[in-house]
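Heads up, the thing below is written out as structure tokens.
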Amino acid sequence: MPDISVNFAGIKSPNPFWLASAPPTNSGYQIMKAFDAGWGGAVWKTLGVPIVNVSSRYGSVNYRDSRMIGFNNIELITDRPLKDNLREIEEVKKYFPDHAVIASLMVETREQWHQIVRDAENAGADGLELNFGCPHGMCERGMGSAVGQEPEILKLIVGWVKEVAKKPVIVKLTPNISDITEPAAAAKLGGGDAISLINTIQSIVGVDLDNFVPYPVVDGKSTNGGYCGPAVKPIALNMVKNCAQHPDVNLPISGIGGVENWRDAVEFILLGAGTVQVCTAVMHYGFGIIREMIPGLEGYMREKGFDNIAQITGKALPNVLNWENLNLDYKIIAEINKDKCIGCQLCYIACEDGAHQAIGLGSNGTRVPYIIEENCVGCNLCSLVCPVEDCISMVRKDSGESHKTWKERTDEGSIPVTFNDKLAGGLHHQIPEPLSALKKR
Ligand SMILES: Cc1cc2nc3c(=O)[nH]c(=O)nc-3n(C[C@H](O)[C@H](O)[C@H](O)COP(=O)(O)O)c2cc1C
């Protein structure tokens, strides 16, 4: 049996599955129930000066039969007294000494940070997570994402925390920023022991067309919230990858955003995460989803021959390159399995109107389309819109012997360089006439 226990920046946990700081970690009761079900760790709902929440608080994006593919909230940090939370942290640690309990924290001044760090550690927290990510309500008061968006301030506050912290410090980042690696590198400079990402994405999930007010509605008004759930996973995966590959970050990463099952979790781990955190999926389906996640992860590792989590952490990173390093000589085209085709012609419409006019309609009354090979660029669109599994496959057509990247082709002159592309790793070609004319205007 593979070993799925983790030591994340010094925080030990029986498995890499942690609950993210959110309503599922509001209380000791919930966290003990979650640990009983199998969760390895929990990041407590953010502690600070208790707030007063509004009602209602949540909104969602539903798509056809799928509910809550995106989830939005306008709630703030804990509304419970600090002393109650601290007492319950102590209790949880008494009953579950081998599980990871991390205290999420958010306060303002240096003195407040010192005090709350000491309080959380005295209560027995195994680690601290600094919430520099909340993009609503708290940021207007100079906390949460207001800190995460200012690398210098973030570094300063991490420094304050490290002045007194004895336990590992995880810096939780906001995705509401153009380059996530900047605050990540600042977390490292400030002395942080790890980073976690992503917190929620600032959002409005929809508008009531009759009453002219966005959701969720609070007495006829609304405000922007934070977006999470399955819809944000692609954004989170990319940000985790960016941090994992950046030489100035070099910190353990706890991956968060849209994790619903073991496959999602493994994707985060393959892109560099050492643990994963889950919020929306538990709010949707309950703590019981862990019962599928643990055997799923173990089965995957056994099948692939991995003994421990460290062996798969970052395993996909060498395969994520900058665009200019991809092989331009690799060629695939679509192939339609006539026996599986149901004749819906969705592929035809998509390719004809939205892509490369590489699909034709059959004659003699057949509804099965055919591929026009010379037009097909191998973009995948037809296989993505096809509702029948394995009906359209992409088949390799090049010999597999030639490998030329965009950079190699431009260097040898077989592709003309038509713009001054920074991605080309410092190639500074002249801007062609039409573009420079445009620039002048
Ligand atoms: C209702 C709600 C409340 C949240 N409260 C907090 C919080 O107090 N502190 C925090 O760091 N993150 C908070 N989050 C963000 C989550 O911890 C997590 O970063 C985010 O939801 C992405 O994960 P998910 O896609 O699994 O939900 C909250 C999220 C939701 C939905």
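The values are calculated or read from the model by the stated rules, or taken from the named source; none is laboratory data. Everything numeric here is computed off the predicted structure, so don't read it as measured data. Cβ placement follows ideal geometry from the backbone for every residue including glycine, while neighbour counts extend to all protein chains displayed.
Here are a few things to note about the model shown:
- Some residue of the stretch 192-202 being closer than 28 Å to residue 271 by Cα and in a helix (DSSP H, G or I): no
- Considering each residue of the stretch 210-219 in turn, at least one proves to be without any contact (Cβ under 8 Å) to a residue 24 or more places away in the chain and acidic (Asp, Glu).
- Here is the figure for the stretch 191-217: residues that are surrounded by fewer than 23 Cβ atoms within 10 Å (Cβ to Cβ) and within 14 Å of residue 154 (Cβ to Cβ) total 1.
- Matching residues in the stretch 180-199 - criterion: being of a type in the set (D, E, K, R) and without any contact (Cβ under 8 Å) to a residue 60 or more places away in the chain: 182
- Which listed residue, of 266, 282, 276, is in contact (Cβ under 8 Å) with a residue 40 or more places away in the chain, closer than 30 Å to residue 30 by Cβ, in a strand (DSSP E or B) and of a type in the set (A, V, I, L, M, F, W, C): 276
For (1) away from the ligand (no atom under 15 Å from the Cβ); (2) more than 28 Å from residue 140 (Cβ to Cβ); (3) assigned by TED's automatic domain parsing to the domain that holds residue 186; (4) at pLDDT 95 or above, each residue gets a yes or a no:
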site: 217; (1), (2), (3), (4): yes, no, yes, yes
site: 228; (1), (2), (3), (4): no, no, yes, yes
site: 231; (1), (2), (3), (4): no, no, yes, yes
site: 235; (1), (2), (3), (4): no, no, yes, yes
site: 247; (1), (2), (3), (4): yes, yes, yes, yes
site: 262; (1), (2), (3), (4): no, yes, yes, yes
site: 266; (1), (2), (3), (4): yes, yes, yes, yes
site: 272; (1), (2), (3), (4): yes, yes, yes, yes
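- Single residue of the stretch 75-89 satisfying the filter (surrounded by 22 or more Cβ atoms within 10 Å (Cβ to Cβ) and more than 18 Å from residue 101 (Cβ to Cβ)) that is nearest to the ligand (Cβ to nearest atom): 75
- Residue check for residue 12: assigned to a helix (DSSP H, G or I) and away from the ligand (no atom under 12 Å from the Cβ): no
- Close pairs (8 angstrom Cβ cut-off, 6 or more residues apart or separate chains): on the phi > 0 side of the Ramachandran plot in the stretch 290-318, outside any helix (DSSP H, G or I) anywhere: 314/271; 314/272
- If you check 359, 294, 312 for being away from the ligand (no atom under 16 Å from the Cβ) and not assigned by TED's automatic domain parsing to the domain that holds residue 25, only one passes: 359.
- Selection status of residue 103, of a type in the set (A, V, I, L, M, F, W, C) and crowded, with 22+ Cβ neighbours inside 10 Å: yes
- The stretch 203-215, residues that are of a type in the set (A, V, I, L, M, F, W, C) and either within 16 Å of the ligand (Cβ to nearest atom) or assigned to a helix (DSSP H, G or I) (or both): 204, 205
- Candidate set: the stretch 127-180, residues that are of a type in the set (S, T, N, Q) and touching a helix residue (DSSP H, G or I) at 6+ places or on another chain (Cβ under 7 Å); chosen: the one farthest from residue 52 (Cα to Cα): 176
- Residue match in the stretch 3-23 (condition: of a type in the set (Ser, Thr, Tyr), touching a residue at least 40 places away in the same chain (Cβ under 8 Å) and in contact with a Lys or Arg (Cβ under 6 Å, 6 or more places away or on another chain)): yes
- Among the conditions (1) over 20 Å from the mean Cα position of the chain (by Cα); (2) closer than 21 Å to residue 154 by Cβ; (3) surrounded by 15 or more Cβ atoms within 10 Å (Cβ to Cβ); (4) within 15 Å of the ligand (Cβ to nearest atom), the only one that residue 133 does not satisfy is (1).
- Among (1) within 29 Å of residue 269 (Cα to Cα); (2) at pLDDT below 95; (3) within 16 Å of the ligand (Cβ to nearest atom) - the single one residue 69 does not satisfy: (2)
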